[in-house]
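Shown next, in structure tokens, is the structure this report addresses.
Since every read-out is calculated from the coordinates, none of them should be taken as a lab result. Keep in mind that this is a model prediction, so the values were computed, not measured. Cβ atoms come from the backbone with ideal geometry, glycine included; neighbour counts cover every protein chain shown.
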Amino acid sequence: MIPVNEPLLNGNEKKYLNECIDTGWISSEGPFVQRFEELMAAAVGRRHAIAVCNGTAALEAAVAALDLAPGDQVVMPAFTIISCAAAIVRCGCVPVLVDSDPVTWNMDVGKLKEKITHEIEIKKNNKLKAIMVVHIYGLPVDMNPVIELAERYGLKILEDAAEMHGQTYRGRPCGSFGDLSTFSFYPNKHITTGEGGMVLTDNDHLAERCRSLRNLCFQAKKRFVHEELGYNFRMTNMQAALGVAQLERLDEFLTRKRRMGGRYTGLLTGIDGLELMPPRTGYAENIYWVYGMVLKDEVPFDAEEAMLRLGRMGIGTRPFFWPMHEQPLFRKRGLFEGEHYPEAERLARRGFYIPSGMALTDEQMEEVAMAVKKLMMDE
Ligand SMILES: *Cc1c(COP(=O)(O)O)cnc(C)c1O
């Protein structure tokens, strides 16, 4: 079986991990945590970086740091991971959804504008407080219109850059936009710490809020007297040691992923019935966090069936995200009733991704491409 993801850990990972063990620094107090934070802040061009235990926790800390009131609303894409909506809901806030762009699979900024102007100008909705931007699979969201909307209506921007290590939008690093941004270091991301995440911001107050929320809101003077409910979202020195080693190779990893994406596109272009990710847009070059594809409407089977058949040929796959408005858990809470986002629904049912990990070899890519060709020709 060709696994859907396998990380590359053959740089300084082992050396730095051994340092943790040799020095006894294995908790979040160790020196690698601060180093990793400094390196991430520098890589993205932010003043502050706050390392946390995973990308989901990073989103939760970021939303919590905004101190929104219960019932406040945050606009976000319908097509994304549950972590995004979960962070909003856990703060007592309400996600407001926007459909996807059919080509980039990101939040459609035209529809975002329609939604926001309709809510604020027509419905006089004054609960709408923030936009959560999520860059999906390899290309960033078209940020300029988002920034314009946020400025016009006084909305905060939260940028989920979990999949965007090293990516830029019009030359500016992803993760440098908005009030707060977050990353994940799960093993399928370009940079991994096993489990891990980071919140970044230029705002001193928000940084302090995130640091406090990460560490149970302990107080400087009376440590065990708490004014607020925090979390234990701390990252260990061992995770950060991996992160430092991985970050040393960010440029190399980025080049590798882009080369892989180009190679897959070369092998799969021209197969009838497949929609592939565009290699670039006017504002970015695809970094192929994963190599996704969507079965066109005329293909008589769906993604589930395609993944089953590829599995039988020894190819690991993963389905695309399932849209937020179709999540049973939110439906049970009475959210998104009667709402439809046709592009997100289509992507969820027709989309899947093939092995795309950092350790994938050229031979494996050829084998995967052959299997996809066979899958599409059998019909
Ligand atoms: C991976 C991912 C997350 C969650 O990160 P974890 O570290 O797995 O908690 C959040 N948002 C997006 C867009 C992701 O891809």
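Here are the numbers:
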| item | result |
| --- | --- |
| Residue with peak Gaussian network fluctuation, the chain [Cα springs, cutoff 10 Å], from 56, 168, 23 | 23 |
| Estimated distance in nm for a label pair at residue 8 and residue 228, the labels positioned 7 Å out from Cα along Cα-to-Cβ | 4.0 nm |
| Amide proton proximity set for residue 28, modelled H, under 5 Å, gap of 5+ | 237 |
| Theoretical gain in end-to-end length, residue 269 to residue 374 [0.36 nm per residue, Cα-Cα removed] | 36.4 nm |
| Rounded if a/c under 1.5, otherwise prolate or oblate - region 1-64, Cα gyration tensor axes | oblate |
| Dipole magnitude of region 250-377, debye to nearest 20 (Cβ charges: Lys/Arg +1, Asp/Glu -1, about Cα centre) | 220 debye |
| For region 322-328, Karplus couplings with θ = phi - 60° (6.51, -1.76, 1.60), whole Hz, Gly/Pro x | 9, x, 4, 6, 9, 7, x |
| Rounded to 5, percent antiparallel among DSSP beta bridges of the chain | 60 percent |
| Selection from 198, 166, 98 lying farthest towards where the dipole of region 13-247 points positive, charges on Cβ | 198 |
| Within-11-Å neighbourhood charge of residue 204 [Cβ basis; K, R +1; D, E -1] | +1 |
| Extension gain (nm, one decimal) between residue 124 and residue 312, 0.36 nm per residue minus Cα-Cα | 62.3 nm |
| Selected from 205, 226, 48 as most flexible by GNM, with the chain as the system and alpha-carbon contacts under 10 Å | 226 |
| Amide H contacts of residue 132 (H built 1.01 Å from N, under 5 Å, at least 5 apart or other chain) | 75, 76, 158 |
| In range of the label at residue 42: residues from region 221-265 whose backbone nitrogen is under 20 Å from the point 7 Å along Cα→Cβ | 237-255 |
| Whole-angstrom gap from region 272-326 to region 52-96, using each part's C-alpha centre | 26 Å |
| Computed over region 250-377: relative contact order in percent, which uses C-alpha pairs under 8 Å that are six or more apart | 31 percent |
| Under Karplus coefficients 6.51, -1.76 and 1.60, residue-wise ³J(HN,Hα) of region 127-142 in Hz, glycine/proline x | 9, 6, 10, 8, 10, 9, 8, 10, 7, 10, 6, x, 10, x, 5, 5 |
| Two-site label geometry, residue 34 and residue 283: point separation in nm, points 7 Å out along Cα→Cβ | 3.7 nm |
| Region 13-247: proportion of alpha-carbon pairs further apart than 33 angstrom, % | 17 percent |
| Length-normalised contact order for the chain - Cα pairs under 8 Å, 6+ apart - percent | 23 percent |
| Total formal charge among the other residues, if their Cβ is under 11 angstrom from that of residue 249, Lys/Arg +1 and Asp/Glu -1 | -3 |
| Residue-averaged [θ]222 nm for the chain, counting only DSSP H segments that reach four residues, each worth -39500 (n - 2.57) | -11500 deg cm²/dmol |
